[in-house]
């Protein structure tokens, strides 16, 4: 290397050294440490300023509590709720171990901390700023500050105020004062604020008389009062609250507040049945609870936020129709029950929901005997089978999908099936051979006749022909909650759970020509000083083809004119000239009985449910727990309680009064409608008859139902009435057991009791 090269290399090295040294001088550890220290000082200074500026405000929780007002659709007052249910008690009135359950549940370090969980608060601030949620740890002191001094809004400003006020409150007040304030201001559900009201609401005793197991439940409740209320909790909710109950007691053992041996012997005490808020007895309570739940769900607000008051809620309930529904249940059911002379009659629970198919408005609702006697609303409960009221959904799926039989015949109202009882279905991966009601064999029958007589074997085969996955998809589109339900042939019997409100919505969608109808209890809702809330649309998209929906309606007129609902509905005063579509249903073991029917402007679903009124032994000596499902058979002094009995009679009596002027269905279908035979007023009461879906040989003296294919060019609006004289030459249909036609079945072997769902071939109709 020459001298020139050496000099150039030396200059380049010097420049690199200068550059490297400059970077080191710019980012020295001293400067980094100084910057971090400066930021800390700045933060501390800002917090010091905040600490001096933010003062502990006067408690304002009481002043914010207001009443909530509910009105009927016409603006008349329905109910006024929301008055504070609270009685302040001193900490000395609460047993020491009960006090500790709240500390064990919420803040084990409560007695030693300074009132703030900095890590939890920082996590909450980060979550709030980043939009990842509103959760974040809080001490008992912070929760008390939120309850008494602030509000539940999850904002950065509110959280910083909570932090400062909590520190100051912890300095100025004793731990006993803070704990007393916390348990007296917290919301426990059932309208109860404070531990004294909660003790009365859940255990019917004063706070001073609570034991540690009861205290642990009340402490567990604070995490989710609605979800953990034992009376209304789902099975998952009950599991969660018991898990938290155990968590509380185990924490007490860890903190040496509870003896481990005593802990092992403790058992969970089920809280008492809720007592309604004053003024909410009878049907008012069910309506108010349904409206409240709808608003809370729509606005995503807690019980405590809602009960802070200020809401004015107008429901869609029509006062006159509501009164008529209540009267119909009384005259057609409860007046006929002898709850003192027949203990079985105490087990009968009725539920109903009536919907305007054009608007989705719930115009009447019957939830049971009243909140004072039955907390659960029978109008919205989903734990009983809808039975054969599910059959129209199968037909809707078949028509909408343009499905074919196993013999490649298009499924219509005139398609013929084999109605033999316990006939194995063809084409299913799961063996299934359902029994018809009374094990009746019908031979070759049309779909129309099968719907009229509710023949299980026909619709089991139809479900397989359509594809059970498609049947369940159609059920979901029409409004049934099918999440998690297996798509197996046994579902054709309506073996899932459903509520009268749910079934009313499904049939309203059929009545609305296939456009989705979601029943809506709330007409409008507004909190004082705010804009009205935006309600979801009750009328949705076209979920099945109009002709499919209208064709189902056409077929369902046959159930009323010539089927299982004929006696109860057509013999009712005021319905002779009204076109009506509907379906009866009676579940396996007669634990539920249904009639869901509709006119062009009103859809009503009525369900009867067998629910044990008290714990007892049945005829076989087996113990029956209170509130468990039991058969209805024998209620009212008769035999089996069928869908064509009490439910159809309630429906008919109510509809005759509520429907207004008779109307006609506007149907787009070429399937026509079944022609009804002359009414037989001498037949025995369907309530006490052996079956409302009997075989032809067991029917009363009226002519056998029509099984001839409906006239293809007629709709219900244009179908000719039956001959006044009942002339056999013009009206007498053929016996369905002799109908000719190809079979649509296969002789698949079936294991006894194997139906693909519950291990037995349930009988529904």
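The values are calculated or read from the model by the stated rules, or taken from the named source; none is laboratory data. Nothing here was measured: the structure is a model prediction, and the numbers come from that model. Positions of Cβ are backbone-derived with ideal geometry, glycine not excepted, and every protein chain shown enters the neighbour counts.
In the stretch 396-405, what residues are surrounded by fewer than 16 Cβ atoms within 10 Å (Cβ to Cβ) and either farther than 21 Å from residue 542 by Cβ or touching a strand residue (DSSP E or B) at 6+ places or on another chain (Cβ under 6 Å) (or both)? 404 - this is the single residue of the stretch 396-405 that is surrounded by fewer than 16 Cβ atoms within 10 Å (Cβ to Cβ) and either farther than 21 Å from residue 542 by Cβ or touching a strand residue (DSSP E or B) at 6+ places or on another chain (Cβ under 6 Å) (or both). For the stretch 78-92, the set of residues classified as outside any strand (DSSP E or B) and either under 14 Å from residue 200 (Cα atoms) or within 34 Å of the chain's Cα centre (by Cα) (or both) consists of 82, 83, 84, 86, 87, 88, 89, listed by residue number. Return yes when residue 429 is surrounded by fewer than 21 Cβ atoms within 10 Å (Cβ to Cβ) and touching a helix residue (DSSP H, G or I) at 6+ places or on another chain (Cβ under 8 Å) and no when it is not. Taking the combined requirement at face value, the residue does not satisfy it. The numbered conditions (1) at negative phi; (2) in contact with a helix residue (DSSP H, G or I) (Cβ under 8 Å, 6 or more places away or on another chain) are all true for residue 639 except (2). The set of residues from the stretch 641-665 being within 25 Å of residue 358 (Cα to Cα) and crowded, with 20+ Cβ neighbours inside 10 Å comprises 647, 648, 649, 650, 651, 652, 653, 654, 655, 658, 659, 665. Restrict the check to the stretch 357-374 and report whether at least one residue is in a helix (DSSP H, G or I), crowded, with 17+ Cβ neighbours inside 10 Å, touching a strand residue (DSSP E or B) at 6+ places or on another chain (Cβ under 6 Å) and not assigned by TED's automatic domain parsing to the domain that holds residue 223. No, the stretch 357-374 contains no residue that is in a helix (DSSP H, G or I), crowded, with 17+ Cβ neighbours inside 10 Å, touching a strand residue (DSSP E or B) at 6+ places or on another chain (Cβ under 6 Å) and not assigned by TED's automatic domain parsing to the domain that holds residue 223. Going by what's in this entry, would residue 142 be described as crowded, with 21+ Cβ neighbours inside 10 Å, farther than 26 Å from residue 211 by Cβ and either at pLDDT 75 or above or not assigned by TED's automatic domain parsing to the domain that holds residue 220 (or both)? Yes: the conditions hold for residue 142.
Considering the conditions (1) in a helix (DSSP H, G or I); (2) within 21 Å of the chain's Cα centre (by Cα); (3) more than 23 Å from residue 564 (Cβ to Cβ); (4) in contact (Cβ under 8 Å) with a residue 40 or more places away in the chain, residue 472 is excluded by exactly one of them, (4). Here residue 603 does not fit the description of being part of a helix (DSSP H, G or I), touching a helix residue (DSSP H, G or I) at 6+ places or on another chain (Cβ under 9 Å) and more than 17 Å from residue 644 (Cβ to Cβ).
Take the stretch 294-341 and flag every residue that is farther than 16 Å from residue 655 by Cβ, in a loop (DSSP other than H, G, I, E, B) and touching a helix residue (DSSP H, G or I) at 6+ places or on another chain (Cβ under 7 Å). If the condition is that a residue be farther than 16 Å from residue 655 by Cβ, in a loop (DSSP other than H, G, I, E, B) and touching a helix residue (DSSP H, G or I) at 6+ places or on another chain (Cβ under 7 Å), then 308, 317, 337, 338, 339 are the ones that fit.
Condition check for residue 442 on (1) assigned to a loop (DSSP other than H, G, I, E, B); (2) crowded, with 23+ Cβ neighbours inside 10 Å; (3) under 34 Å from the mean Cα position of the chain (by Cα): one failure, at (3).
Where strands (runs of 3 or more DSSP E) sit wholly within the stretch 483-583, those with at least 1 residues that are buried (at least 22 other Cβ atoms within 10 Å of the Cβ) occupy 515-517, 522-527.
Here residue 631 qualifies as closer than 20 Å to residue 350 by Cα, modelled with pLDDT of 90 or more and surrounded by 15 or more Cβ atoms within 10 Å (Cβ to Cβ). Answer yes or no: is there a residue in the stretch 221-237 that is at negative phi and in a strand (DSSP E or B). No, the conditions are met nowhere in the stretch 221-237.
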